[in-house]
Amino acid sequence: MDIKQFEAFWADRQPDRTDLAEFWSRRAQSFNTHSAEADSSAYRRDLVAKVAARAKVGKADAVLDIGCGPGRHALIFAGLAGKVEGFDIAPGMIEYANKNAQQAGMENARFHVLDWDTADLKQLGWQKRFQLVFASRTPAVYDRVTLEKMTEASRGYCCLITQVTGDNSVRRELAPVVGATNDDDYTRRGLYCAFNILWLQGYYPEVEYLERTWDSECPLEEAIVMYTRHFNSRGQLSEVQEIALADKLCAMSKNGMVHETGSSRVAMLFWNANL
């Protein structure tokens, strides 16, 4: 396969970008809360330390965090780098990122609302600006163009973290309700295409796999929005299926909260932006 074929293959699994900013803003509060939990924080600290060391990030360097959410990764990078730029398409996420930066006293971390898909790197002054361009499990990098922007913004290294397999207790119970099947092949496609596009462009991407488990809960209303969107991204649900999904989540909830446990394998795709 050539680059255009990988580009087309990746396009077959494009995420649902409809109302993306609103969706993630609605999730901002619980996302911020969960990301502050001890297990999540420890995992993130280890990950950032590993990536920063590999990218040779120092106090004179700048880091770009694409789809930064509430800024948890970015603020750890801020303790290692001279400057960190973090952005997200969701204003709600950036609100929390700014609050978290203020609480942490990290004045070298700046957060703003931005859509990576339409970002003009020349206008922003970001061409070959960053020692590390980092994107962790974000829908912002979803095709060849948004992948190539990572390389264009980097004067050193890039790191793209994406899920390749996963098990979620709630999704497992909902799958029969909406007629869904295992979607690991669908999930892995982004990594497969990104690796091969980079390889065919002359880079030497490396992949490392990381394992993670979690235990969390979210409000019922948010769970209905989140899981409906998830299964719609795999194929449009009928109105009947959406109602059945909501009813099942209501039955699973306790005191207005939906509890989930899960495990996942994520891939850390790392490459030197200088051929």
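Rounded if a/c is under 1.5, else prolate if a/b beats b/c, else oblate: with a ≥ b ≥ c from the C-alpha gyration tensor eigenvalues square-rooted, which is the stretch 115-170? Please report the intermediate quantities before stating the final value.
Working: a/c = 3.10, a/b = 2.01, b/c = 1.54.
It comes out prolate by the Cα gyration axes.
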> Mind checking the log10 I(q)/I(0) for the chain at q = 0.08, 0.14, 0.16 Å⁻¹? Debye, one equal scatterer per Cα, no solvent, two decimals.
Replying inline: -0.33, -1.04, -1.36
> Any idea what angle helix 91-104 forms with the longest principal axis of the chain, computed on alpha-carbon atoms, 0 to 90 degrees, nearest 10?
Replying inline: 60
>> Taking 22 Å as R0, compute the FRET efficiency from the Cβ-Cβ separation of Ala175 and Glu222 and round it to 0.05.
In response: 0.65
> So, in the chain, how many Lys pairs have Cα atoms under 20 Å apart, if the pair is 8 or more places apart or on different chains?
Replying inline: 13
> Between Asp61 and residues 5 or more places away or on another chain, which pairs have amide H atoms under 5 Å apart, with H built 1.01 Å from N, and which residues are they?
Replying inline: Gly82, Lys83
> Of Met268, Leu220, Val133, which is farthest on the positive side of the dipole of the chain, counting Cα position, with +1 on Lys and Arg Cβ, -1 on Asp and Glu Cβ, and the Cα centre as origin?
Replying inline: Val133
> Which whole number of Å³ per residue matches the convex hull of the alpha-carbon atoms in the stretch 1-147?
Replying inline: 130
>> With angles folded into 0 to 90 degrees, how steeply does helix 220-233 sit against the dominant principal axis of the chain? Use alpha carbons for both and round to 10.
In response: 70
> Considering amide H positions built from the backbone, and no H for Pro or chain starts, which residues 5 or more places from Ala36, or on another chain, come under 5 Å of its amide H?
Replying inline: none
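So what's the back-of-envelope 222 nm ellipticity for the chain, counting only DSSP H runs of four-plus at -39500 (n - 2.57) apiece and dividing by all residues, rounded to 500? Walk me through the intermediate numbers first.
Numbers: 12 runs with 131 residues, N = 275.
It comes out at -14500 deg cm²/dmol, rounded to the nearest 500.
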> Can you give the Kirkwood hydrodynamic radius of the stretch 66-116 from its Cα pairs, in Å with one decimal?
Replying inline: 10.3
> In the stretch 1-107, which trypsin sites (Lys or Arg not before Pro) fall in coil by DSSP and have 16 or fewer other Cβ atoms within 10 Å?
Replying inline: Arg17, Lys56, Lys59
>> Give me a comma-separated list of calculated 3J(HN,Hα) values for the stretch 192-199, in order, Karplus coefficients 6.51, -1.76, 1.60 applied at θ = phi - 60°, integers in Hz, x for any Gly or Pro.
In response: 4, 6, 4, 4, 6, 5, 4, 4
> Whole-Hz Karplus ³J(HN,Hα) for the stretch 49-59, in order, using 6.51 cos²θ - 1.76 cosθ + 1.60 and θ = phi - 60°, x for Gly and Pro?
Replying inline: 4, 5, 5, 4, 5, 5, 8, 6, 6, x, 5
> Roughly how many nanometres apart are two label points built 7 Å out from the Cα toward the Cβ at Asp247 and Ser263?
Replying inline: 3.3
> Where does the stretch 91-220 land on the Kirkwood hydrodynamic radius, alpha-carbon pairs, in angstrom?
Replying inline: 17.6
>> Given the whole protein assembly as supplied and a 1.4 Å probe, what does the accessible area of Met1 come to in Å², nearest 10?
In response: 120
>> Output wanted: per-residue J couplings in Hz (rounded whole) for the stretch 129-138, from phi through Karplus 6.51 cos²θ - 1.76 cosθ + 1.60, θ = phi - 60°, x for Gly and Pro.
In response: 9, 10, 5, 9, 10, 10, 9, 10, 6, 10
>> For a Förster distance of 35 Å, can you work out the FRET efficiency between the beta-carbons of Tyr186 and Ala60, rounded to the nearest 0.05?
In response: 0.25
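Would you mind calculating the gained length between Asp19 and Thr33 on full extension (0.36 nm times residue separation, minus the Cα-Cα distance), in nm to one decimal?
On the way: separation 14, 0.36 × 14 = 5.04 nm, distance 2.25 nm.
Extending this stretch completely gives an extra 2.8 nm.
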>> Using amide H atoms built in the peptide plane, which far-off residues or other-chain residues are under 5 Å from Ser136 H to H?
In response: Ile66, Ile161
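Out of the GluC sites (Glu not before Pro) in the stretch 69-166, which ones are loop residues according to DSSP with at most 12 other C-beta atoms within 10 Å? The partial results should precede the final answer.
Numbers: sites: Glu85, Glu95, Glu107, Glu148, Glu152; in loops: Glu107.
The qualifying sites are Glu107.
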> Which shape class applies to the stretch 148-192: rounded if a/c is under 1.5, otherwise prolate when a/b exceeds b/c and oblate if not, where a ≥ b ≥ c are the square roots of the Cα gyration tensor eigenvalues?
Replying inline: prolate
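Using a simple charge model, +1 on the beta-carbon of Lys and Arg, -1 on the beta-carbon of Asp and Glu, nothing else, what dipole does the stretch 8-139 show about its Cα centre, in debye to the nearest 20? Before the final figure, lay out each step's value.
Numbers: 18 positive and 16 negative charges, 116 e Å.
Dipole size: approximately 560 debye.
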>> Over 5 Å intervals from 0, what percent of Cα-Cα pairs in the stretch 42-101 sits in each interval?
In response: 4, 21, 30, 25, 15, 6, 1
> Across all directions of projection, what mean area in square nanometres is found for the Cα convex hull of the stretch 13-67?
Replying inline: 5.8
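The values are calculated or read from the model by the stated rules, or taken from the named source; none is laboratory data. Just so we're clear, the structure is a prediction, and the values are computed from it rather than from any experiment. Neighbour counts are summed over all protein chains in view; Cβ atoms, including those assigned to glycine, are modelled from backbone coordinates with ideal geometry. The protein model used for the area step is the full one, side chains on, heavy atoms only, and it has no ligands, DNA or RNA in it. Shrake-Rupley method; radii C 1.70, N 1.55, O 1.52, S 1.80 Å.
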